[in-house]
Structure formats: structure tokens, C-alpha cells
Amino acid sequence: YEINISCPNVKQGGLAFGTDPEVVAELINKLRSATHRTLIVKLSPNVTDIVAVAQAAESAGADALSLINTLVGMAIDAEKRRPVLANLTGGLSGPAVKPVALRMVWQVTEAVQIPVIGMGGISCAEDAVEFLLAGASAVAIGTANFVEPAITMDIIQGIEEYLKRHQFESIKDIIGRLEV
């Protein structure tokens, strides 16, 4: 199960519990006791310390983490002087969030032992490779699918070409291989 503790698109959103490590730990403890299935906890970028939230989820029994969900954003219709979104604010996704997502994936993978699924602004193979180098064990493609429904196959092919070009035998050879 992917447990989205971070949805900014609904009233009160996941922000009410996805930003507090103690509340996250309590929730994941309860869910862990209710199932033996895989629990993937989707984290919010709208926090002061994503590492603390990630560690709380891990210590409470999460099997993996996915990050990031959308950043809270807003759109305004200048002519009408009104918000565009019904809830006033909502999720910002796509290429604009990639630098934030990469940073958070890198920080979290340095601090936890469970797998991390990286997401946020992946729209080409190079983007996916960057997330893998930052430490993600897997990647997910969201917004780019709306622009190009076949993008996933292009990204897979591009990753394969990257591995060949750099003489890596497996995708595992690049996970967490960011040289700092």
C-alpha cells in the first residue's frame, strides 16, 4: 500500500499529519499492526525537516518511502482577481519541483535504510538517472505522463543507453553513486 500522508489538494490535506514526525510514527504504527503487506509512505515536501519525518516512518514500520509529493502552490486569475483553484491552493508538480525533490531524496537516502522511490519532475532519462544517483532505488513518473503518455518507455530506453555509455552492468551500479 502507498500511504499518502501529504496530499495538499484537499481541505486540511495530509499536511495535518504528514508534517509531524510523532503523528507520522503513530499512524504508521497503527497501519503496520493492521497489515503485513508492503507499506510505502509518500512524504510531503512541505515540511521543515523531511529527514525527521522519513526516520519516523521508517522506525514505525514503513517498508519504503516515496518522495516527493507536490509542493503547495497557488494560481490566480488576474482579470477576475480570484484564485483559480477551488481550494485556493493545490499541488505544484512537474519540472519546477525537481531540484527540491532531488535534494530531499538525497537527504533521506543518506538517513534511512529502507528503499526510496524518487519522484518529482522526472520528464526524461537524465532526470531519472539523477534521482538514482541521488540514492533512489526506483523512480516514478507523474506529470510527464500527461504530456507524453509513452514517456516511461522512452525513459527506460534512455536509462539503458546511459548505463551502456558509462559501462555499468546494472541500474544497481548507479544507485546512490553521487560523487560529493
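Suppose we keep only residues that are out of contact with any strand residue (DSSP E or B) (no Cβ under 8 Å at 6 or more places or on another chain) and free of Cβ contacts under 8 Å to residues at least 40 places away in the same chain within the range 63-79. Which one would you say is least open to solvent (accessible area, probe 1.4 Å)? Lay out the reasoning, then the answer.
Step one: of the range 63-79, the residues out of contact with any strand residue (DSSP E or B) (no Cβ under 8 Å at 6 or more places or on another chain) are 68, 78-79.
Filter again for free of Cβ contacts under 8 Å to residues at least 40 places away in the same chain, leaving 78-79.
Working: Ala78: 80, Glu79: 158 Å².
By that ranking, first place goes to Ala78.
In the range 148-166, is there at least one residue being part of a helix (DSSP H, G or I) and within 15 Å of Leu43 (Cβ to Cβ)? Step through it out loud before you land on a result.
We begin by selecting, within the range 148-166, every residue part of a helix (DSSP H, G or I); these are 151-165.
Applying the additional criterion that residues be within 15 Å of Leu43 (Cβ to Cβ) yields none.
Looking for residues that are part of a helix (DSSP H, G or I) and within 15 Å of Leu43 (Cβ to Cβ), one finds none in the range 148-166, hence no.
Quick check on Ala60: is it touching a Lys or Arg at 6+ places or on another chain (Cβ under 7 Å) and either small (Gly, Ala, Ser) or crowded, with 20+ Cβ neighbours inside 10 Å (or both)? Show your work before the answer.
Details: touching a Lys or Arg at 6+ places or on another chain (Cβ under 7 Å): yes; either small (Gly, Ala, Ser) or crowded, with 20+ Cβ neighbours inside 10 Å (or both): yes.
Here the answer is yes, as Ala60 does meet what is asked.
Out of Leu92, Leu102, I need the residue that is touching a strand residue (DSSP E or B) at 6+ places or on another chain (Cβ under 7 Å) and either over 30 Å from Ala34 (Cβ atoms) or surrounded by fewer than 16 Cβ atoms within 10 Å (Cβ to Cβ) (or both). Which one?
Just a single option satisfies the conditions, and that option is Leu92.
Looking at Val97, is it among the hydrophobic types (A, V, I, L, M, F, W, C), under 15 Å from the mean Cα position of the chain (by Cα) and open to solvent by less than 50 Å² (accessible area, probe 1.4 Å)? Before the answer, list the steps.
Values: among the hydrophobic types (A, V, I, L, M, F, W, C): yes; under 15 Å from the mean Cα position of the chain (by Cα): yes; open to solvent by less than 50 Å² (accessible area, probe 1.4 Å): yes.
Yes, satisfied.
Give Ala138, Ala144, Ala111 a once-over and let me know the one that is under 20 Å from Ser170 (Cα atoms) and touching a residue at least 12 places away in the same chain (Cβ under 8 Å). Step through it out loud before you land on a result.
Details: Ala144 fails: under 20 Å from Ser170 (Cα atoms); Ala111 fails: under 20 Å from Ser170 (Cα atoms).
Matching residue, one of Ala138, Ala144, Ala111: Ala138.
Of the residues that sit in the range 122-153 and are surrounded by 18 or more Cβ atoms within 10 Å (Cβ to Cβ) and modelled with pLDDT under 95, which one is farthest from the chain's Cα centre (by Cα)?
Ala144
Within the set of pairs 6 or more residues apart or between chains, which connect a residue that is open to solvent by 100 Å² or more (accessible area, probe 1.4 Å) inside the range 154-175 to a residue that is in a loop (DSSP other than H, G, I, E, B) with Cβ atoms less than 9 Å apart?
Every condition considered, the pairs that remain are Lys172/Ser137.
The values are calculated or read from the model by the stated rules, or taken from the named source; none is laboratory data. Keep in mind that what you see is a predicted model, and the values were worked out from it rather than measured. In this analysis, Cβ positions are derived from the backbone assuming ideal geometry, glycine residues included, and neighbour counts consider all displayed protein chains. In case anyone asks, the SASA skips ligands and DNA or RNA and just uses the protein heavy atoms, side chains included. Shrake-Rupley method; radii C 1.70, N 1.55, O 1.52, S 1.80 Å.
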